[in-house]
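The values are calculated or read from the model by the stated rules, or taken from the named source; none is laboratory data. Quick caveat, the model's predicted, so the values are computed rather than measured. Note that we place each Cβ from the backbone using ideal geometry, even for glycine, and neighbour counts take in every protein chain shown.
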Amino acid sequence: MGQIVGAFATSHVLGAPDGVEDQAERVFQGMREIGMRLRALRPDVLVVLTSDHLNNFRVDRPAPFAVATDASLKPYGDMGLPTDPIPGAPEFALGLAAFCAEQGLRVDALEGVRPDHGVMIPHGVADPQRSIPTAVFYVNSVLDPSPSPEVCWTAGALLKRFVEQRRPEGERVALLAGGGLSHWLAVPEEGRVNEPWDRWFMDTLVSGHAEELTRLTNAEILEAAGNGGLEVAAWIAMAGAVPTARGEVLYYESLPSWASGMGGVAMRI
């Protein structure tokens, strides 16, 4: 059977350091720490759990979850990010989608995916050499209806079972969730950050009792953390794959000039 050897999460946006140089440097240092720890685990497969930003999904048929099945993924190139391709993990992705379907959870298998910054910023943190086969696992936090925290936790639990029951003996799998933390986009509150909520969320996630987050509703997250804060669904899915793990907060900065609370965690497997 395979093994989940590491689980991490990080915000998936970056801004200009002008005027916030010290905070920006702490964010960069935290992201670098995540990357170093993840690479030290020597994963055979990297699973990036994240959201899309209306670049790969149909508005009229939103999928709660989806995986990218291409052998090579050419980035969308938004935010000025490089468009050099990254290696996919099609066998892993297709197997995961089929396994979830067997368990009654819809996970769409997508071809022709062009990963945007939601994938590429976390991926750049984890695999700057673009050498680790990567399964992109999309968690819908943009289109209604979005999966609830409880359903996201279930998706993570199925990911864990898939790795342990269906993957080859000795395969090493690392998880990296991207998105969040609190932020409001294209609404009057844009630029607001809810630091107390962000810290509560991360502290709960790493406490060994992350399942408590499944009591949240999407409406409660929207109210406390904004429409962009719904991206923490990917963090909850990651936690569902390592349900009793404790962890540590590697960085947190409230950055209204970046219109986001910025944070990252590492779980102890």
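Observations on the structure shown:
- Among the residues of the range 94-101, none qualifies, meaning not one is surrounded by 18 or more Cβ atoms within 10 Å (Cβ to Cβ) and at pLDDT below 95.
- For residue 144: the one exception among (1) at pLDDT below 95; (2) over 23 Å from residue 53 (Cα atoms); (3) not hydrophobic (A, V, I, L, M, F, W, C): (2)
- Taking the range 179-235 as the range and being among the β-branched types (Val, Ile, Thr), closer than 20 Å to residue 142 by Cβ and part of a helix (DSSP H, G or I) as the test, the residues that pass are 221, 232.
- Criterion (at pLDDT 95 or above, within 20 Å of the chain's Cα centre (by Cα) and either closer than 22 Å to residue 143 by Cα or surrounded by 14 or more Cβ atoms within 10 Å (Cβ to Cβ) (or both)) met by exactly one of 62, 87: 87
- When residue 158 is tested against (1) modelled with pLDDT of 95 or more; (2) farther than 14 Å from residue 67 by Cβ, only condition (2) is not met.
- Residues within the range 240-266 that are among the small types (Gly, Ala, Ser), within 30 Å of residue 16 (Cα to Cα) and part of a helix (DSSP H, G or I), tallied: 1
- Qualifying residue in the range 79-95 (condition: charged (D, E, K, R) and either assigned to a strand (DSSP E or B) or under 23 Å from residue 264 (Cα atoms) (or both)): no
- Residue 38 meets the conditions (1) in a helix (DSSP H, G or I); (2) more than 22 Å from residue 3 (Cα to Cα); (3) in contact with a Gly (Cβ under 9 Å, 6 or more places away or on another chain) in every case but one. The failed one is (2).
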